Amino acid sequence: MKKNALVFSVVREQSVFMTVVISVLTFLSVLALGIALSIGTGVSRWNNQWEKYATVQIVNSENATAVKKIFEENANKIESVNEISKSEMERMMKSWVSSGAKIVNYLPQMFEIKLKDEKDMKIIGEKIGAKAKFIPHSTALKNSMSAGWKLVSITVFVMLLMLISIGVCVSCISRNIAMLHKHELEILNQVGATDSFIAHQMQIIVAKISALGCLIGFVIAMPILELILSTAHSARVGLLATLTLSTIDVIALFALPIFIVMFSVYLTKRTTLKLLAGK
């Protein structure tokens, strides 16, 4: 007899059922983790992208000259100054203004500035704040950032639920397999097989089934995840356009199925030993 030969094995129905369950749960876990990582990366990049930007709104036209003078005096700290035209502001606000409404006379003079170093944001803001409204883009987008991190939390929570479900399923299936093969286990005990040996037999069975299930779930999940990201990029709007996976994210996705297999094997051993101990 070969050293790693199995003393008993599961029937086909048990194997197929466990493979399908782990495939589905792995698919959902990889999808949830991928979405969480892509949103997290997108939020970080989106936040970093606007750290150096700010909007200046001059409500009182008498202060326009003073604000422009501040721009000139701090030219060494400001990379660019872009004045937003009235027509452009009207176009941006068109969706929020009823048809035919004339708002051009109520619009402030507006500039978008980009600083060379985000550390100068507070200094420039204090100088301009006395004459006009100074709104850092990172502050204006704080709600969007918060919403992004909440989405990350939700998807991570969903992934954890999937892992817990895998743990429960593996434990239940391992127990059922052991109970169905109770006669074989009793024979093994009678011939002197240790509990560790019997648990090892169960681990080999579950490891093979889990590996196949994880592979199937992972292979199906990755193209769908890529489709979701490409759809988000095609929107070309705001946070959606920044969703992406970094190299570390991809490594984490590949590591997840491996973790699930190891997790399943560990739970199988733990469940089997408890069952053999009569707990």
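Has segment 36-54 got any residue that is under 23 Å from Phe263 (Cα atoms) and either in a helix (DSSP H, G or I) or at pLDDT below 80 (or both)?
yes
Across segment 20-60, which residue is surrounded by the most Cβ atoms within 10 Å (Cβ to Cβ) among those that are outside the structural domain of Leu160 (by TED's automatic domain parsing) and farther than 24 Å from Ser146 by Cβ?
In this case the residue turns out to be Val56.
Which ones in segment 67-90 are touching a helix residue (DSSP H, G or I) at 6+ places or on another chain (Cβ under 9 Å) and assigned to a helix (DSSP H, G or I)?
Val67, Ile70, Phe71, Glu73, Lys86, Ser87, Met89, Glu90
Those residues that are farther than 15 Å from Leu31 by Cα and modelled with pLDDT of 80 or more, I need them from segment 232-254; list them, please.
Once the filter is applied, which keeps residues that are farther than 15 Å from Leu31 by Cα and modelled with pLDDT of 80 or more, segment 232-254 yields Ser246, Thr247, Ile248.
Check segment 151-158 and report whether any residue there is among the hydroxyl-bearing types (Ser, Thr, Tyr), closer than 30 Å to Phe263 by Cα, at pLDDT below 80 and assigned by TED's automatic domain parsing to the domain that holds Ala207.
No - not one qualifying residue is present in segment 151-158.
Failed condition for Ile154, given (1) farther than 30 Å from Ile204 by Cα; (2) in contact (Cβ under 8 Å) with a residue 40 or more places away in the chain, with all others met?
Evaluating Ile154 over (1) farther than 30 Å from Ile204 by Cα; (2) in contact (Cβ under 8 Å) with a residue 40 or more places away in the chain leaves (2) as the failure.
The values are calculated or read from the model by the stated rules, or taken from the named source; none is laboratory data. For clarity, every value in this text was computed on a predicted model and none was experimentally measured. Note that each Cβ is placed from the backbone with ideal geometry, even for glycine, and that neighbours are counted across all protein chains shown.
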